[in-house]
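Worksheet: one structure, shown below.
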Amino acid sequence: VGAAIMAYRMGLGTLAAPGSGFFPFWVSLLLVIISLFYLLTQLGRDPRALPLWEGRSWLKPLLGAGIMFLYVLFMAWLGFFLATFLLFIIWLGMEREKPLTIGLVATIGTLCVYLLFSRFLQIPLPVGRLFH
């Protein structure tokens, strides 16, 4: 809700000439609706409740946060394509997916994200100092 309010303050513009807050506003609003739906469908006691901090259950979320942190750091150096491709490979490898699945999802996922941000939203993506 906070992100939607901030995006609204940035200016929505119109569908033909979207403002800087247009995309973040609608994504935030969609997340609010989905979150409310999920919350309402999950009310009550969970019969399969697992403690979060038991054993090594905290390790995967910490590892995921670390991987995302490194992704942001390395994007400026490696560039969008290589950093994103490696992110997909590491993330899916961490989930123990099959090598063919990892390769296909990493390739198609990187291309889809590139098309979304670079072509559709026209956001310049970092090339990386390694390739300059």
Problem set entry | Mean accessible surface per residue for the chain, computed with a 1.4 Å probe while every protein chain stays in place, in Å² | 80 Å²
Exercise. Given the rule -39500 (n - 2.57) for each run of at least 4 DSSP H residues, summed and divided by the residues of the chain, what is its mean residue ellipticity at 222 nm, to the nearest 500 deg cm²/dmol?
Worked result: -20000 deg cm²/dmol
Seminar exercise, completed: Toy charge model, Lys and Arg Cβ at +1, Asp and Glu Cβ at -1: the chain dipole around Cα centroid in debye, rounded to 20, equals 60 debye
For this session: Work out the P(r) tail for the range 39-132: percent of alpha carbon pairs separated by more than 15 Å, whole number.
Result: 71 percent
Exercise. Of all accessible surface on the chain at a 1.4 Å probe, what whole percent is carbon and sulfur?
Worked result: 74 percent
Problem set entry | Two-decimal Rg/Rh across the range 8-93, once Rg and the Kirkwood Rh are taken from alpha-carbon atoms | 1.11
For this session: Could you go through the range 124-129 in sequence order and give the Karplus-derived ³J(HN,Hα) for each residue, using 6.51 cos²θ - 1.76 cosθ + 1.60 with θ = phi - 60°, rounded to whole Hz, and x for Gly and Pro?
Result: x, 10, x, 7, x, 5
Problem set entry | Zone residues, the range 97-132, relative to Ala76, backbone N less than 14 Å from point 7 Å out along Cα-to-Cβ | 126-130
Seminar exercise, completed: Here, Met94 and Cys112, labelled 7 Å along Cα→Cβ, have an inter-label distance in nm of 1.9 nm
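The values are calculated or read from the model by the stated rules, or taken from the named source; none is laboratory data. Remember, predicted model here, so these are calculated numbers, not experimental data. Counting neighbours? That spans all protein chains shown, and the Cβs are built from the backbone with ideal geometry, glycine included. Ligands, DNA and RNA are stripped out before the accessible areas are found, and what is left, the full protein with its side chains, is counted by its heavy atoms. Shrake-Rupley method; radii C 1.70, N 1.55, O 1.52, S 1.80 Å.
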